[in-house]
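Take a look at the structure below.
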Amino acid sequence: MRLLFFVIRRLLQLIPVLIGVSIITFATARLLPGNAAIMAAGPLASPEDIARLETHMKLDRPVWEQYFSYVNDIFHGDFGKSWRTGRPVLTELMEHFPASFELVTFSLFIAILIGVPLGVVAAIRQGSRTDQLLRALSVGGISIPVFWSGLVAIFVFYYILKIAPAPIGRIGFSVRPPTHITGFYVLDSILTLNGQALASSLYQMALPSLTLIIAMMSPIVRITRSSMLDVLNEDYIRSAKASGLKRRVVLYRDALKNALLPVITLIGGYYGYSLGGEVLVEQIFSWPGMGRYSVEAIFNLDYAPVQAFVMLTAVLYVAIYTIVDVLYAVIDPRIRY
Amino acid sequence: MKRSATVLLSLLVGLALFAPMALAGDFTVAVGAELEGWDPHTAIFFQANEINWNTYDRLLTFETIPADESPYGVAMIDSTKLKGMLAESWELQEDGKVVVFHLREGVIFPSGNEFTSEDVRYSIERKWEIPTASRWILNVMGLSTLDNMVVVDDYTIKFILDSPNAIFLPGWAFLSTMSIVDAAELKKHVTADDPYGHDYLNLNIAPTGPYVLESYVPGSEVILKAYEGYWDGVPKTDRIIYKVVPEESNRVLLLKSGDVDMSYFISAEQVSSQLMDAPGVDVFSIPTAGSQYFNLQTTREPLYNVLVRRAIAYAVPYDDLIENVMYGFASRATSPVPTLTAYHKDVYPYDYNPTMARDLLAQAGYGPGEITLTLSYRLDNPDEEALAIYLKDALEDVGINVVIDKVASTRFSEMRGAQDYETSLLFWIPYVNNPIYQLSYGYHSASGCCNYGRYSSATFDAMLDAAKAETDPVKQEGLVNAMQELIAGEVPIILLYHPNRQITMRDNVEGYVYWTNFLVRYDAITKN
């Protein structure tokens, strides 16, 4: 019950966060060099065309008036239109969000599944050759830039070895996307029993998630390892071992649970960042995700998508950190809200 | 348990049925940018224009020069020979001031509606009234008010121009923004907030051409399907699949491996190193009417002085630039009117001659190191980056200091609009391959768009206005030649080169026709 109130209080914090975020984004977008109306009018427009467009885009009004007009529209469900595509921003974001979410969630899940046990192993076997190897690999994984590993992976596995699919996005050439239920192709294929779409979307996701997994796993291995090492040196672990408890029990029930707290924090932050931030992976693998969408918008001075994207990211971060805090309470009985 | 067994079974079946290649009647194109914003009367992005090029027809088009008669090994349009499209014939009256189109009868659009003059009238009205449409193009073509468009009957429509205009007829053939939409179909989707269906048409097509929209996955792909009832015959390619692949190196790999049939906007460097000798890939390098400009701000010292401008023109290492920046895929510019355009004359006297450059500077009263110029260019353009470095070197060699100013493209657009830079680099390609159109945009003092150096000459303006109205081709050519010579002497813009356009496709592609606006029509294309 107390936990429920805690969650509600946290979600209510969203309101001041969104207000602050929206004001800051609104102001900074308009401080960027360039004139959105000139961009939207195109290279052949006359000064009259540009002026007409400025009035249409409300750019000739004072900034505070534009902001209140914007907030008013939001309360009517209108997050504005992208001037490049002419489509409502909310629609576009909701189209691009599942692509990022599916890829990032899938990759992070596997990265945790592999990374945490490897970190534990490295901690237990501290100083051994296994540990040294794992540490070297994780440094390598952190240092290798994602655009490099992605492009190399495509070149080797798609072009030379021909075992990976063409980097054309979420589904293969002549396969239709599955009927839209959630927007997550894998889930929708399962729900609609669409074997071809399921096979194709998993196949397409293989290389981009491989690239992401390598990048995500490495910091997870390191932090799990160092956190485990700290915990393993604690007195209560020594006492538990001295009491004769089985090693595996000590490890997993006592040590790991306590070691997980910083790991969860890292993963939470990483998750929030990746959902909107994996622009390079999305670019390289032609993935129609949120990151690439918002970067394109920024380069074109398309204010509405940028503002909506930042607010969505704020919502996601608040949600994720709330879940992280709840997990803290679940794992650590001393934490009470 | 049963559920997961079903899933597993369908997965296995899916893997078995899994066809990694596109179907036989499909033509796949890998494109680098997003494909949205389809309203043809407002579309500004290339890919959107190409989708329109295939789903909408225009009144006019051009005849084709077949590949074996073309100097570049690939079929291309003959921009001197107009051909009827939705207009069956046309006539000029009152010495060219009035143009009457006789429209093709019996054309049925995919909606089932019949083509009439209302479709033409409505399309032009949309161009005029929608805020984001560029009404200015109609003005440039000679239409100063909507009242000068007169519907005579269901199959005849008349345009009254301010004065005979050499750009009017070619504009209907060249410009995707002059597309005719299916008025009856579009009017069903009009609302009070959106009186011309602009929002609807941005996301949907009201087709009048050989293809209709089959499917669209935002940010990812567009599939067009052939319309069997197209008036000019069943399109040869059944489906066109546009796939968005933003990373250029991936587009190259897809083309090399044969997973796509065509791709464009691949940089000179990649074409040269990856595609020229790749088996299964054809590369055609075709001169364009585009120009790489080195603009000089003529309203301020020291560039106000024509001797200084000429000195700079002599300081540029033209051949080096073509070899090292464009990998040989460019040709020398010899006139402000591109080589491929009618009435072109070799008038540009400047060649790489640093000694001459230093002499001219001395004549103008400037010693070495006394002039410093700022060179602005867009930071996301690798070609211009390389150019800037070469130009800086070359100018410093003759005693002019250069300050490099890399500018975000948004800011560059703003600067261009305000014409607020000292020197800048810009690539421009005219939509209409007509000398008067090009000279007007680049050098007329009232030009809103492309007169980047704010060049202003009453003599030039008078000649241009006369040429626009001139109906005698001999006199017109005389005026155009005189203008070219004037500009060559004044050199407000230094013409670095005309870049070629590299067309890259699989070698089994047939029926490709090169348009100078680079748009591709797929109804005549097939794969062997």
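Taken about its Cα centre, the protein assembly as shown carries a charge dipole of roughly 4980 debye when the Cβ of each Lys and Arg holds +1 and the Cβ of each Asp and Glu holds -1. If you take the square roots of the eigenvalues of the alpha-carbon gyration tensor of region B:327-422 and sort them as a ≥ b ≥ c, do you get rounded (a/c under 1.5), prolate (a/b over b/c) or oblate? Oblate, since a/c reaches 1.5 and b/c is not below a/b.
Within the protein assembly as shown, antiparallel bridges make up roughly 75 percent of the DSSP beta bridges whose residues both belong there. Scaled against the 2.2 N^0.38 Å expected of a compact globular protein of N residues, the Cα radius of gyration of chain A reads 1.19. Each peptide in A:108-116, B:246-254, B:434-442 receives the mean, over its residues, of other Cβ atoms within 10 Å, and ordering these scores from highest gives B:434-442, B:246-254, A:108-116. Computed 3J(HN,Hα) for region A:270-284, one whole-Hz value per residue from the Karplus formula 6.51 cos²θ - 1.76 cosθ + 1.60 where θ = phi - 60°, is 4, 4, x, 5, 5, 4, x, x, 7, 5, 5, 5, 5, 5, 5, glycine and proline marked x.
When only the Cβ of Lys, Arg, Asp and Glu is charged (+1, +1, -1, -1), the dipole of chain A relative to its Cα centre reaches about 1580 debye. Within the same chain, aspartates and glutamates fewer than 8 places from A:Lys257 are excluded, and of the rest, those with a Cα less than 15 Å from its Cα are A:Asp230, A:Glu234, A:Asp325, A:Asp332. Database remark: amide H of B:Met76 closer than 5 angstrom to the amide H of B:Ile65, B:Tyr514 (H placed geometrically; neighbours at sequence offset of 5 or more, or on other chains; Pro and chain starts carry no H). Axis of helix A:2-12 versus longest Cα principal axis of chain A: the two differ by about 30°, to the nearest ten degrees. Considering only A:Pro305, A:Pro333, A:Phe157, the residue lying farthest towards the positive end of the dipole of chain A is A:Pro333, judged by Cα position with unit charges set on Cβ. Taken as entire DSSP H runs, the helices of chain B that both span 20 Å or more between Cα atoms along their own long axis and average 1.0 or more on the Kyte-Doolittle scale are B:2-17. Charged side chains reduced to their Cβ positions (Lys and Arg at +1, Asp and Glu at -1) give region B:133-290 a dipole of some 120 debye around its Cα centre. Filter B:Lys83/B:Lys243; B:Lys345/B:Lys392; B:Lys187/B:Lys236; B:Lys81/B:Lys158; B:Lys127/B:Lys406 down to the pairs with a C-alpha to C-alpha distance above 25 Å, please. In this structure, B:Lys83/B:Lys243; B:Lys345/B:Lys392; B:Lys187/B:Lys236; B:Lys127/B:Lys406 lie more than 25 Å apart at Cα.
The Kirkwood hydrodynamic radius of the protein assembly as shown, based on inverse pair distances between different Cα atoms, is 30.4 Å.
Under the classification rounded if a/c is under 1.5, otherwise prolate if a/b is larger than b/c and oblate if not, where does region B:264-385 fall, given a ≥ b ≥ c as square roots of the Cα gyration tensor eigenvalues? Cα axes put region B:264-385 in the prolate bin.
Given axes a ≥ b ≥ c from the Cα gyration tensor, I'd like to know whether chain B is rounded (a/c under 1.5), prolate (a/b larger than b/c) or oblate. Oblate is the answer for chain B, as a/c is 1.5 or above yet b/c matches or exceeds a/b. Per-residue shielding of A:190-201, expressed as the average number of other chain Cβ atoms within 10 Å of the residue Cβ, stands at 5. Each principal axis of the Cα cloud of region B:396-496 was evaluated for its coordinate range; sorted largest first, these ranges are 47, 33, 23 Å. Averaged over the residues of peptide A:162-174, the number of Cβ atoms from other protein chains lying within 10 Å of each residue's Cβ is 6. Measuring between their Cα centroids, region B:109-174 and region A:202-244 lie 68 Å from each other. Amide H contacts of B:Leu103 (H built 1.01 Å from N, in plane; Pro and chain starts excluded): B:Glu88, B:Thr156, B:Ile157 sit under 5 Å, all sequence-distant by 5 or more or on other chains. Amide hydrogen proximity for A:Arg87: with H placed 1.01 Å from N in the peptide plane, the residues at 5 or more positions away or on another chain lying under 5 Å are A:Ser82. For peptide B:244-255, the mean count of partner chain Cβ atoms within 10 Å of a residue's Cβ comes to 6. Restricting region A:119-198 to trypsin sites (Lys or Arg not before Pro) that sit in a DSSP loop and have at most 15 other Cβ atoms within 10 Å of their own Cβ leaves A:Arg125, A:Lys162. With Cα atoms defining each centre, region B:326-382 and region B:229-251 are spaced 40 Å apart in the structure. Stokes-Einstein diffusion for region B:79-208 at 20 °C, viscosity 1.002 mPa s, with a Kirkwood radius from C-alpha pairs, works out to 140 µm²/s.
None of the figures in this text is laboratory data; all of them are computed from the coordinates on show. None of the values given here were measured: they were computed from a predicted structure. We place every Cβ from the backbone using ideal geometry, glycine too, and count neighbours over all the protein chains shown.
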